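Written out below as structure tokens is the structure these notes cover.
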Amino acid sequence: SLIIKDKFGCMMMKNKILSAPNYANEILFPQIKEDLPDLCYDNFGNYFMQAFLDIISFDNLNKFLDLISKDFTSICTSPQGTRVIQKIVEKISFTPMLINKFIYILKNDDFGLICKSQYGNHIIQKFLLTFHSSEYTIFIYNYIYHNFIDISNSKHGVFIIQKCISEGNKIQREKLYNLINDDLSALIQNEYGNYLIQFILSNNINVQEIFQEIFPIITKIEKNLISLCMSKYSANVIEKCFENSDDIIRNHILDYLFNNYSNKIIDIFFNKYGIYALLKASKTQGGKYKNKLIDVFNNNSEYLKYIFDLNSRKFKKILKIVRNNRELEEIYKIIQDNLNSNQVEYHNKEKIDVN
């Protein structure tokens with residue numbers, strides 16, 4: 001074990017076992033089996049263990065799982081140990097007995113901690129990617145269903161839900177979509193949960209089918225579109241939707257925005273978060289929505305005069321964004337024209353007051 005923990009000793013022992021599998025399984029394994037957890041944690045030992053798992057026998061792999069079971073969570077949640085456990089997932093993929101044993105260990109340890117761990121979540125993702133929506137992954141979906149809010153609001157747990165959606169069958173996806181829809185208002189405003197909504201709206205696989213499945217979510221987003229565009233995390237979701245979603249989803253939301261909230265678009269535009277969402281909208285569909293945005297500004301020139309505040313730091317920042325984006329060149333001209341008009345009216349009023 002001491003040799004394996006050394007950089008050059010690890011390289012030597014890896015070459016040794018790969019050229020002599022019988023030696024590794026019959027002579028070496030009995031000597032290191034008591035140190036397995038420690039080797040899984042080690043910076044060099046974990047690379048040896050990954051190589052050893054490539055040539056390990058069925059009986060030894062069975063013993064291996066028993067020997068690490070007491071330290072399973074701590075191994076899964078360590079930066080080195082997670083690589084070893086992911087290798088085990090690959091190794092057991094064609095052996096039902098070992099798959100069930102692995103699941104038993106995983107379920108009876110701190111599964112929630114593993115899901116939310118920076119390193120442990122990769123093991124669950126690997127398991128889902130390996131076994132997809134088979135009977136072996138049912139326990140993961142059941143855990144997510146019963147602990148959805150806790151997992152979806154965690155930095156790394158949200159990636160597991162994304163993987164559940166991409167690897168699950170239609171029934172599993174629909175159940176997750178229902179949970180998302182029930183908690184949408186909180187998720188879309190959450191610093192981590194908002195990435196889950198981004199993933200759903202940007203998932204362009206089987207768009208026709210997915211659109212029907214997530215339509216209730218899209219409808220709820222549309223009904224709250226103004227406030228969502230003007231809030232930090234939710235505005236990021238809308239922005240990414242305009243940028244990355246399939247045309248079916250993007251057009252549906254954009255048409256709803258321009259057809260139902262045209263009188264609120266200028267307010268969104270002069271919001272520090274909303275401006276970026278509308279900037280993305282103006283870049284899509286060959287100028288279709290860019291022209292609609294120009295029409296909104298042309299039709300609300302009087303309103304523009306009352307919202308400009310030349311001394312406002314926020315206004316200056318947004319004006320800079322508009323000036324620096326070619327897609328908003330026409331908008332910038334309209335703003336400048338109204339600014340000049342506003343200044344002339346202001347000076348004329350000053351003269352009248354003086355007289």
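The values are calculated or read from the model by the stated rules, or taken from the named source; none is laboratory data. Here the structure is a predicted model, which means the values were calculated and not measured. Don't worry about glycine lacking a Cβ; one is built from the backbone with ideal geometry, like all the others, and counts go over all protein chains shown. Ligands, DNA and RNA are stripped out before the accessible areas are found, and what is left, the full protein with its side chains, is counted by its heavy atoms. Shrake-Rupley method; radii C 1.70, N 1.55, O 1.52, S 1.80 Å.
Observations on the model:
- Whichever residue in the stretch 66-101 is within 22 Å of Glu135 (Cβ to Cβ) and outside any helix (DSSP H, G or I) and, among such residues, is most open to solvent (accessible area, probe 1.4 Å): Phe94
- Taking the criterion of being open to solvent by less than 20 Å² (accessible area, probe 1.4 Å), out of contact with any Asp or Glu (no Cβ under 8 Å at 6 or more places or on another chain) and within 22 Å of Asn62 (Cα to Cα), the residues of the stretch 104-133 that qualify are Ile105, Leu106, Phe111, Ile114, Gly120, Ile123, Ile124, Phe127, Phe131.
- Note on the stretch 220-272: residues that are within 20 Å of the chain's Cα centre (by Cα) and under 19 Å from Asn300 (Cβ atoms) total 1.
- Pairs with Cβ under 6 Å, 6+ apart, first in the stretch 127-147 and more than 19 Å from Lys170 (Cβ to Cβ), second assigned to a helix (DSSP H, G or I) and among the β-branched types (Val, Ile, Thr): Phe127/Val89; Thr130/Val89
- On inspection, Ile17 does not qualify as surrounded by 19 or more Cβ atoms within 10 Å (Cβ to Cβ), part of a loop (DSSP other than H, G, I, E, B) and β-branched (Val, Ile, Thr).
- Of all the residues in the stretch 257-277, those that are free of Cβ contacts under 8 Å to residues at least 40 places away in the same chain and closer than 16 Å to Ala235 by Cβ number 4.
- Subset of the stretch 280-298 (residues that are aliphatic (A, V, I, L, M) and within 22 Å of the chain's Cα centre (by Cα)): Ala281
- Residues in the stretch 17-34 that are more than 42 Å from the chain's Cα centre (by Cα) and within 14 Å of Tyr47 (Cα to Cα): there are none.
- Checking Lys163, Lys126 one by one, the residue that is of a type outside the set (Phe, Trp, Tyr), assigned to a helix (DSSP H, G or I) and in contact with a Leu (Cβ under 6 Å, 6 or more places away or on another chain) is Lys163 and no other.
- Residues satisfying the stated conditions in the stretch 20-53, i.e. open to solvent by 40 Å² or more (accessible area, probe 1.4 Å) and in contact with a Phe, Trp or Tyr (Cβ under 7 Å, 6 or more places away or on another chain): none
- Residue under evaluation Gln208, criteria (1) surrounded by fewer than 17 Cβ atoms within 10 Å (Cβ to Cβ); (2) at pLDDT 90 or above; (3) over 30 Å from Asp150 (Cβ atoms); (4) not hydroxyl-bearing (Ser, Thr, Tyr), criterion not met: (2)
- Inside the stretch 149-167, residues that are open to solvent by less than 10 Å² (accessible area, probe 1.4 Å), closer than 22 Å to Pro216 by Cβ and either modelled with pLDDT under 95 or not β-branched (Val, Ile, Thr) (or both) make up a count of 3.
- Odd one out for Lys170, checked against (1) open to solvent by less than 50 Å² (accessible area, probe 1.4 Å); (2) within 16 Å of Gln212 (Cα to Cα); (3) in contact (Cβ under 8 Å) with a residue 40 or more places away in the chain: (1)
- Single condition Ile200 does not satisfy, out of (1) modelled with pLDDT under 95; (2) hydrophobic (A, V, I, L, M, F, W, C); (3) open to solvent by 40 Å² or more (accessible area, probe 1.4 Å): (3)
- Looking at Lys232, Lys240, Lys220, just one residue is touching a Leu at 6+ places or on another chain (Cβ under 9 Å), surrounded by fewer than 18 Cβ atoms within 10 Å (Cβ to Cβ) and over 17 Å from Asn325 (Cβ atoms), and that residue is Lys220.
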